[in-house]
Structure formats: C-alpha cells, structure tokens
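Trainee: Attaching a single structure in structure tokens format; questions to follow.
The values are calculated or read from the model by the stated rules, or taken from the named source; none is laboratory data. All values reported here derive from a predicted model rather than from experimental measurement. Here the Cβ positions follow ideal geometry from the backbone for every residue, glycine too, while neighbour counts run over all protein chains shown.
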C-alpha cells in the first residue's frame with residue numbers, strides 16, 4: 001500500500017503542480033474538470049446510484065459547471081450564499097450523524113445533492129481563483145495550505161493524540177491533531193505572507209479558519225463513506241483511494257479561500 005501511494009504521488013504530483021503553475025486557462029480547467037468528474041462519480045456511487053448512471057450524471061454536471069464558469073459572473077459573492085447553505089446543511093448532518101444510515105431514497109438524494117453541489121462550487125471557485133492576478137501562485141498557496149494542515153494533523157495526532165474529535169464519524173481524528181494542524185498552518189501563513197507581501201496576521205486570519213473548516217469537508221466525506229459501508233471513495237488513485245479521499249478538504253476550503261482572499265490583498 002505504501003509503495004503504491006509513493007508511486008502514485010511521484011507520478012501525479014509533478015503533473016498537478018505543472019498544470020497549476022504553468023497551465024493556461026484551458027489546461028488548469030481540464031485538470032479541475034477531471035477532479036470534479038471523478039469526485040462526482042464517486043459521491044453518486046457512494047449514495048447508491050449505479051456506476052453507469054453515476055457516470056452519466058457526473059459528465060452532465062461537469063459540463064454544466066464548465067458552462068457556468070464562462071457565463072456566471074466571476075465575483076465570488078454570486079455563489080457564496082449557495083456555498084453557505086450547502087455547508088450549513090452539511091454541519092447539521094454531522095451534528096446529527098445518525099441520520100442517513102438507513103440510506104432511504106430521500107436520504108441518499110439529499111446527501112447526493114449536497115455533495116455534487118459542493119463539488120461544483122469547488123470547481124467554479126478554484127477556476128476563478130486561478131484567473132485572479134497571480135492566480136496560479138495563489139492556487140498553489142491554497143494547495144500547500146491543505147497539505148500543511150494534513151501533515152500537521154497527522155504528525156500531532158500520531159504523537160500526541162488522545163482526545164477523539166468525532167469518534168462516531170472518523171475515529172482516527174483527534175483534537176490534538178486539529179491543534180497541531182492550526183499551529184503548522186499559522187507558521188505557514190507567517191512564512192508565506194513574507195513572500196506574497198501580505199500582513200502576517202491577516203494571512204493567519206485568512207488561512208487558519210479555512211484550514212479549520214477543511215476538517216468539516218474531511219468529516220463529511222468520512223460520514224458519507226461510513227454510512228455507505230465503504231473505506232475509500234474508489235480505487236482510482238492506487239494507494240490513495242479515490243479523488244474524494246484526496247480532495248475532500250480542498251472541496252470545502254477552496255470557495256472560502258477565493259471569497260476572502262481579495263480582502264487581504
């Protein structure tokens with residue numbers, strides 16, 4: 001498993017980073033479309049849709065998102081209300097985590113809709129982020145923000161973790177891991193602000209809450225998989241599971257980053 005993880009990361013990471021930094025609009029948009037297509041397919045399958053029908057819906061929703069990116073006003077305030085509603089409902093679901101285990105039709109429809117809309121908003125917002133002034137580098141800052149938070153959470157949780165964060169949803173996560181992630185992200189924000197010309201405390205105020213909220217995305221994905229009785233969202237990324245397994249935190253964080261970023265530049 002570890003060997004597969006390393007091979008997959010070594011093969012895919014350079015491609016991802018190259019498309020983020022050097023990809024023109026169409027190149028980066030294609031990357032995000034692939035992520036959206038795969039994540040949507042996985043989420044619909046998790047929520048009881050047959051693979052073929054899930055694929056048709058995923059293709060349709062990805063194409064619709066591409067249209068929206070070109071015709072919807074680029075200002076983030078036009079979609080942030082939808083984002084707030086979707087993730088408020090997701091938080092309510094997490095707080096009432098027993099709801100959904102029956103996987104009755106109305107439950108799977110609601111969970112499915114929440115997930116695919118969240119993924120669409122991720123695709124729209126990160127494309128808009130990439131189109132901003134210094135957009136490719138700011139997009140890279142966002143990717144590293146999530147990776148730094150993950151590393152901080154893993155290292156702190158592994159060495160110090162004792163108090164469970166959400167034992168009924170994701171037993172491996174601890175409060176110590178969350179605190180460690182915030183410390184790592186705080187240091188990252190202070191360092192990166194120097195190179196971006198930001199005020200360090202403003203960078204912290206931007207990045208630390210977003211990293212904290214990315215945990216909600218991780219927990220929502222974990223609860224969805226737990227209720228479906230699966231460990232990974234798919235096996236599309238050998239050693240890593242599926243696209244949702246790798247991008248759940250980014251799906252939650254990207255719209256917030258794109259929305260609040262202009263306030264500190």
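Trainee: Given the criteria assigned to a helix (DSSP H, G or I), buried (at least 20 other Cβ atoms within 10 Å of the Cβ) and either out of contact with any strand residue (DSSP E or B) (no Cβ under 9 Å at 6 or more places or on another chain) or free of Cβ contacts under 8 Å to residues at least 60 places away in the same chain (or both), does residue 216 qualify? Before you say what the answer is, go through the steps one by one.
Mentor: Details: assigned to a helix (DSSP H, G or I): yes; buried (at least 20 other Cβ atoms within 10 Å of the Cβ): no; either out of contact with any strand residue (DSSP E or B) (no Cβ under 9 Å at 6 or more places or on another chain) or free of Cβ contacts under 8 Å to residues at least 60 places away in the same chain (or both): yes.
It is false that residue 216 is assigned to a helix (DSSP H, G or I), buried (at least 20 other Cβ atoms within 10 Å of the Cβ) and either out of contact with any strand residue (DSSP E or B) (no Cβ under 9 Å at 6 or more places or on another chain) or free of Cβ contacts under 8 Å to residues at least 60 places away in the same chain (or both).
Trainee: A further question on this structure: What tally of residues in the range 227-243 results from selecting those that are in a loop (DSSP other than H, G, I, E, B) and crowded, with 17+ Cβ neighbours inside 10 Å?
Mentor: So in the range 227-243, the residues in a loop (DSSP other than H, G, I, E, B) come out as 229-236, 238-240, 242.
Checking the rest, the ones that are also crowded, with 17+ Cβ neighbours inside 10 Å come to 233-234, 236, 240, 242.
Here the count works out to 5.
Trainee: Next up: Within the range 67-119, track down each residue that is at positive phi and either at pLDDT 95 or above or in a helix (DSSP H, G or I) (or both).
Mentor: Start the filter on the range 67-119 by keeping residues that are at positive phi, which leaves 100, 103.
Answer for the range 67-119, where residues must be at positive phi and either at pLDDT 95 or above or in a helix (DSSP H, G or I) (or both): there is none.
Trainee: While we're looking at this one, here's another question. Considering only residues that are more than 18 Å from the chain's Cα centre (by Cα) and within 19 Å of residue 214 (Cβ to Cβ), look in the range 83-134 and name the one that is surrounded by the fewest Cβ atoms within 10 Å (Cβ to Cβ).
Mentor: Of the range 83-134, the ones more than 18 Å from the chain's Cα centre (by Cα) are 92, 95-110, 131-134.
From the residues that got through so far, the ones that are within 19 Å of residue 214 (Cβ to Cβ) too are 92, 95, 97.
Details: 92: 10, 95: 8, 97: 16.
This residue is 95.
Trainee: Does the range 159-169 contain any residue that is in contact with a helix residue (DSSP H, G or I) (Cβ under 9 Å, 6 or more places away or on another chain) and in a helix (DSSP H, G or I)? So that I can check it myself, show each step before the final result.
Mentor: Taking the range 159-169 and keeping what is in contact with a helix residue (DSSP H, G or I) (Cβ under 9 Å, 6 or more places away or on another chain), we get 159-166, 168-169.
Filter again for in a helix (DSSP H, G or I), leaving 159-160.
Checking the range 159-169: at least one residue is in contact with a helix residue (DSSP H, G or I) (Cβ under 9 Å, 6 or more places away or on another chain) and in a helix (DSSP H, G or I).
Trainee: Counting only residues that are touching a residue at least 60 places away in the same chain (Cβ under 8 Å) and under 16 Å from residue 22 (Cβ atoms), which one in the range 135-145 is surrounded by the most Cβ atoms within 10 Å (Cβ to Cβ)? Spell out how you get there, then give the answer.
Mentor: Filtering the range 135-145 down to residues touching a residue at least 60 places away in the same chain (Cβ under 8 Å) leaves 136-140, 142-143, 145.
With the extra rule that they be under 16 Å from residue 22 (Cβ atoms), the set shrinks to 136-140, 143.
Numbers: 136: 18, 137: 15, 138: 18, 139: 25, 140: 16, 143: 16.
Among those that are touching a residue at least 60 places away in the same chain (Cβ under 8 Å) and under 16 Å from residue 22 (Cβ atoms), it is 139.
Trainee: Is one or more of the residues making up the range 53-74 under 21 Å from residue 213 (Cα atoms) and either buried (at least 16 other Cβ atoms within 10 Å of the Cβ) or within 17 Å of the chain's Cα centre (by Cα) (or both)? First the steps, then the outcome.
Mentor: Keep residues of the range 53-74 that are under 21 Å from residue 213 (Cα atoms), which gives none.
There is no residue in the range 53-74 that is under 21 Å from residue 213 (Cα atoms) and either buried (at least 16 other Cβ atoms within 10 Å of the Cβ) or within 17 Å of the chain's Cα centre (by Cα) (or both).
Trainee: Here's something else I'd like to know. Could you check, for the range 15-38, whether at least one of its residues is closer than 22 Å to residue 259 by Cβ, surrounded by 20 or more Cβ atoms within 10 Å (Cβ to Cβ), out of contact with any strand residue (DSSP E or B) (no Cβ under 8 Å at 6 or more places or on another chain) and modelled with pLDDT under 90? Steps first, please.
Mentor: Step one: filter the range 15-38 for residues closer than 22 Å to residue 259 by Cβ, giving 20, 25, 28-29, 31-33, 35-36.
Those left that are additionally surrounded by 20 or more Cβ atoms within 10 Å (Cβ to Cβ): 20, 28-29, 32, 35-36.
Cutting the leftovers down to out of contact with any strand residue (DSSP E or B) (no Cβ under 8 Å at 6 or more places or on another chain) gives us 20, 28-29, 32, 35-36.
Still in the list and also modelled with pLDDT under 90: 20.
Yes, that holds for at least one residue.
Trainee: So which of 223, 256, 219, 237 is more than 22 Å from residue 137 (Cα to Cα) and within 12 Å of the chain's Cα centre (by Cα)? Before you say what the answer is, go through the steps one by one.
Mentor: Numbers: 223 fails: within 12 Å of the chain's Cα centre (by Cα); 256 fails: more than 22 Å from residue 137 (Cα to Cα); 237 fails: within 12 Å of the chain's Cα centre (by Cα).
219 is the lone residue from the list that is more than 22 Å from residue 137 (Cα to Cα) and within 12 Å of the chain's Cα centre (by Cα).
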